[in-house]
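Below: the structure, in structure tokens.
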Amino acid sequence: MTTIRERGLWAALAFAIVARIALGIFGGRTFDASWPWWHLLDSKLLREEPLTSLYYLHMQPPLYNGLFALSLALPGELGKIFLNAVYVGLSLTMVAIVYFFLRRWRFSMTAAAVLAALFSVLPQILLFENVFLYAHLETVLVMAAMYFAAVYTSRRTLSAFVGFAASLAALALVRALFHIGWVVVALAVIWGVANLRRPRDLRALGVAVVCLIVVGSVYAKNYREFGIFSASSWQGINTSLMTLPLNPWDKENAPNLVEDLRSRIDRGEFSPSARVALAGPNAWWAWNPAAKGCEDADTPRVLCTPKRSDGDTNFNHLAIIRYSSELGGDTLRGLRLYPMLFARHVASSLLTFFGTPSWDFFMLDPASERYRSLWNAVLLYEPGRIFAGGKLPDGGWARLISRIRSASLPLCLLVLVAIAIVLMKGGRELVAALRGRGGGRDWIFPALVVAVVLVVPNIVNGVEANRMRYTIEPILYLALAAGAREALAFVRR
């Protein structure tokens, strides 16, 4: 990375650091490490039984909770300081990678420095950097993998492929979205593109195998202990909420479907867990009242305490495994019975994905409210209006029309254009590689990431779609910069 010697990079990093110091002094901005997030295990158990708790974690891959456990092992306020330093370091890493690619694509040093500095103070970067949430860690791992993939496909150095494989392994150990099947495809594509019509790099293949063993160990552990071949036990709940009328707003706006589902449950067409989910106010918590405490001394506490020590629900309870699995088994039948409901859920998720700024997330930092308001005004966005809530007269597609009116149309356009640029560039480079043509291979891996983030969460999850877009926003930022440069060069001809 020769750009590390350039003054432009250090100027962008210095700007980012000074901006954060100023926000801390004048904006009262502090790092929030105490959010009782669902994905976190009980902090008391992570402090007292870290290895046991992490081993029996089934709701998510373990790396994010492992970082939390490490911070809890530090005395006093050092844990919070450690996490704050890690998250600021993640932001600075992304700034450096953005600068690297801009210079790689022949932006001038000044232009690259300015664009990297602007990236460092985007409101979503400042928000997710300031809250202990896995999104920021996940995003920098995507950027790191993008960097190593670009270096490996151009230079074929073993160290670059090791960095790429390590980034993918860490990514899979943070987020179940980046499942082992996707990791296999990403490793195979990048290795294959770099080795077409060249002697095969067998050492890199060995590294890929090690990567898959590391990732697969989580799947094997969950299958052995819980009978689920997945990095997360929540998948059944997610998919059922997309295909069945179980959401609170479904009960308000589609009562006929709710009654149809209830009658089918009574006839035994759906699982007992579907009855539990429908009877509760929210399917995510419906299982909890029946969850039992630790009756067997041999059962780890992380699996059998219904509530965490802070009073919040323990989403790593054993009861959720069967509940989620049975709901997952109901998903395909629900899709056959209620296809239009599924279509509306997908469309609603996509509208949130395209039209809502990622900084409009419910874990907002009050210290940066004025700054976000300025960006909202630029994007013609009024916070809060796009999210579900309120009864509509006909309850169906009118809901989606109302959400179109509440979305940020400039943001929709920017995201659509950026995604199109990434996918077209990635596709063009892949075709060129298959035909043995020269040229860069920088956009193939980003295209794989954009495709999975665009498609999978909006089909099988449908919640927090704008937060999920944050994972690829550095890629979209680079795509818009590259596209603007090419458009400007075309106009000048």
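The values are calculated or read from the model by the stated rules, or taken from the named source; none is laboratory data. Here the structure is a predicted model, which is why all the values come from computation and not from measurement. FYI the Cβ positions are ideal-geometry reconstructions off the backbone, even for glycines, and counts take in every protein chain you see.
Condition first: of a type in the set (Val, Ile, Thr) and part of a helix (DSSP H, G or I). Now tell me which residues in segment 442-471 satisfy that. Residues satisfying the conditions are Ile444, Val449, Val450, Val452, Val453, Val455, Val456, Ile459, Val460, Thr471.
Check segment 215-230 and report whether any residue there is of a type outside the set (Ser, Thr, Tyr) and within 30 Å of Ala343 (Cα to Cα). Yes: segment 215-230 contains one or more residues that are of a type outside the set (Ser, Thr, Tyr) and within 30 Å of Ala343 (Cα to Cα).
The set of residues in segment 19-66 that are at pLDDT 95 or above and farther than 22 Å from Thr305 by Cβ contains only Leu63. Taking segment 244-253 as the range and being surrounded by 24 or more Cβ atoms within 10 Å (Cβ to Cβ) and touching a Gly at 6+ places or on another chain (Cβ under 7 Å) as the test, only Leu244 passes. Here Pro357 meets each of (1) within 21 Å of Glu138 (Cβ to Cβ); (2) at pLDDT below 90; (3) not β-branched (Val, Ile, Thr) with one exception, condition (2). Among the residues making up segment 152-167, those that are touching a residue at least 24 places away in the same chain (Cβ under 8 Å) and more than 17 Å from Leu90 (Cβ to Cβ) are Tyr152, Thr153, Ser154, Arg156, Leu158, Phe161, Val162, Phe164, Ala165. The set of residues in segment 206-255 that are of a type in the set (S, T, N, Q) and under 24 Å from Asn458 (Cα atoms) comprises Ser230, Ser232, Ser233, Gln235, Asn238, Thr239, Ser240, Thr243, Asn247, Asn253. Checking every residue in segment 129-138 against the condition of being touching a helix residue (DSSP H, G or I) at 6+ places or on another chain (Cβ under 8 Å), in a helix (DSSP H, G or I), within 16 Å of Pro446 (Cα to Cα) and not β-branched (Val, Ile, Thr) gives at least one match.
Test Gly206 against the stated conditions and say whether it is farther than 26 Å from Ala347 by Cβ and either of a type in the set (Ser, Thr, Tyr) or part of a helix (DSSP H, G or I) (or both). In short, yes. Note on segment 84-121: among residues that are outside any helix (DSSP H, G or I) and free of Cβ contacts under 8 Å to residues at least 12 places away in the same chain, the one that is nearest to the chain's Cα centre (by Cα) is Arg106.
Rundown of residues vs (1) closer than 21 Å to Arg175 by Cα; (2) in a loop (DSSP other than H, G, I, E, B), yes/no style:
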site	(1), (2)
Ile21	no, no
Thr30	no, yes
Ser34	yes, yes
Trp37	yes, yes
Arg47	no, no
Leu54	yes, no
Pro61	yes, yes
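Conditions tested, residue by residue: (1) aromatic (Phe, Trp, Tyr); (2) buried (at least 20 other Cβ atoms within 10 Å of the Cβ).
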residue	(1), (2)
Ala116	no, yes
Phe119	yes, yes
Leu127	no, yes
Phe132	yes, yes
Thr139	no, yes
Ala144	no, yes
Ala150	no, yes
Gly163	no, no
Ala172	no, yes
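Apart from one condition, Arg198 fits all of (1) of a type in the set (Lys, Arg); (2) assigned to a helix (DSSP H, G or I); (3) loosely packed, with under 13 Cβ neighbours inside 10 Å; the exception is (2). Anything in segment 273-303 that is closer than 20 Å to Leu261 by Cβ and in contact (Cβ under 8 Å) with a residue 40 or more places away in the chain? List them, or say none. Within segment 273-303, Ser273, Ala274, Val276, Ala277, Ala283, Trp284 meet the criteria.
A quick yes/no check of all residues on (1) under 12 Å from the mean Cα position of the chain (by Cα); (2) modelled with pLDDT of 95 or more:
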{"position": "Gly436", "(1), (2)": "no, no"}
{"position": "Val453", "(1), (2)": "yes, yes"}
{"position": "Ile459", "(1), (2)": "no, no"}
{"position": "Glu473", "(1), (2)": "yes, yes"}
{"position": "Leu478", "(1), (2)": "no, yes"}
{"position": "Ala481", "(1), (2)": "no, yes"}
{"position": "Glu486", "(1), (2)": "no, no"}
{"position": "Ala489", "(1), (2)": "no, no"}
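Does Ala170 meet the test of being under 29 Å from Leu54 (Cα atoms), in contact (Cβ under 8 Å) with a residue 60 or more places away in the chain and of a type outside the set (D, E, K, R)? Spelling it out, Ala170 is indeed under 29 Å from Leu54 (Cα atoms), in contact (Cβ under 8 Å) with a residue 60 or more places away in the chain and of a type outside the set (D, E, K, R). Among the residues of segment 262-294, the ones that are more than 16 Å from Leu246 (Cβ to Cβ) and outside any helix (DSSP H, G or I) come to 6 in all.
Per the listing Arg301, Arg322, Arg308, the residue uniquely in contact with a Lys or Arg (Cβ under 8 Å, 6 or more places away or on another chain) and among the basic types (Lys, Arg) is Arg308.
Picking from residues in segment 290-305 that are closer than 19 Å to Trp38 by Cβ and at pLDDT below 90, the one that is surrounded by the most Cβ atoms within 10 Å (Cβ to Cβ) is Ala291.
Selection of segment 170-191 for residues being over 13 Å from Val452 (Cα atoms) and either charged (D, E, K, R) or outside any helix (DSSP H, G or I) (or both) yields Leu173, Val174. State whether one or more residues within segment 221-236 are out of contact with any strand residue (DSSP E or B) (no Cβ under 9 Å at 6 or more places or on another chain), of a type in the set (A, V, I, L, M) and in a helix (DSSP H, G or I). No, that holds for no residue.
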